[in-house]
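Below: one structure, written as structure tokens.
The values are calculated or read from the model by the stated rules, or taken from the named source; none is laboratory data. These numbers were taken from a predicted model, which means no experiment stands behind them. So basically every Cβ, Gly included, is an ideal-geometry build from the backbone, and we count neighbours across all protein chains shown. Protein only, heavy atoms only, side chains kept; ligands, DNA and RNA dropped before computing areas. Shrake-Rupley method; radii C 1.70, N 1.55, O 1.52, S 1.80 Å.
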Amino acid sequence: MKFLIVFVALFAFALANDAQILNYESDVGPEKFDYNYETSDGQAASAKGELRYPNTDHESLAVQGSYRFVADDGQTYEVKYVADENGFQPQGAHLPVAPVA
């Protein structure tokens, strides 16, 4: 199901922007997934996820990944992230950093 969602989203985006898919790899299993893609307009994304604490009340998905895009200002931006039981934690040179408490 995840594979289908990612593929449909990529296909729709490529059609809307006349971008070509240069690279696409996906491996989806019952308790983990791994994908990456790159398009001709400079976009790219990759992620690896795994099911944590399966068959318990604390079952969750942990994902590490990144995405890159070219913005309207012509700059390329990249975000690396972790998404797990602690929430979505993005990092990027263009993102503000909270002051140390």
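What do you get for chymotrypsin sites (Phe, Trp or Tyr not before Pro) in segment 47-101 restricted to DSSP loop and a cutoff of at most 10 other Cβ within 10 Å of the site's Cβ?
Taking segment 47-101 and a limit of 10 other Cβ atoms within 10 Å, no loop chymotrypsin sites (Phe, Trp or Tyr not before Pro) are found.
For D72 and E31, what is the calculated FRET efficiency with R₀ set at 30 Å and r taken between the beta-carbons, to the nearest 0.05? The calculated FRET efficiency here is 0.15.
Per-residue extension of 0.36 nm, minus the Cα-Cα distance of N86 and H58, leaves a gain of 8.8 nm for this segment. Per-residue packing, averaged as other Cβ atoms within 10 Å, sorts the ranges 54-61, 27-34 into the order 27-34, 54-61, beginning with the highest. With a 1.4 Å probe and every protein chain kept in, tell me what percent of the accessible surface of segment 19-91 is carbon plus sulfur. Summing carbon and sulfur atoms, their accessible area is 43 percent of the total for segment 19-91. Once a ≥ b ≥ c are taken as the square roots of the eigenvalues of the Cα gyration tensor of segment 19-91, is the result rounded (a/c under 1.5), prolate (a/b larger than b/c) or oblate (a/b not larger than b/c)? Oblate, because a/c is 1.5 or more while a/b does not exceed b/c. Taken per residue, the accessible surface of segment 19-91 reaches 68 Å², heavy atoms only and a 1.4 Å probe. Using a cutoff of 8 angstrom between alpha carbon atoms and counting only pairs six or more residues apart, the relative contact order for segment 19-91 works out to 20 percent.
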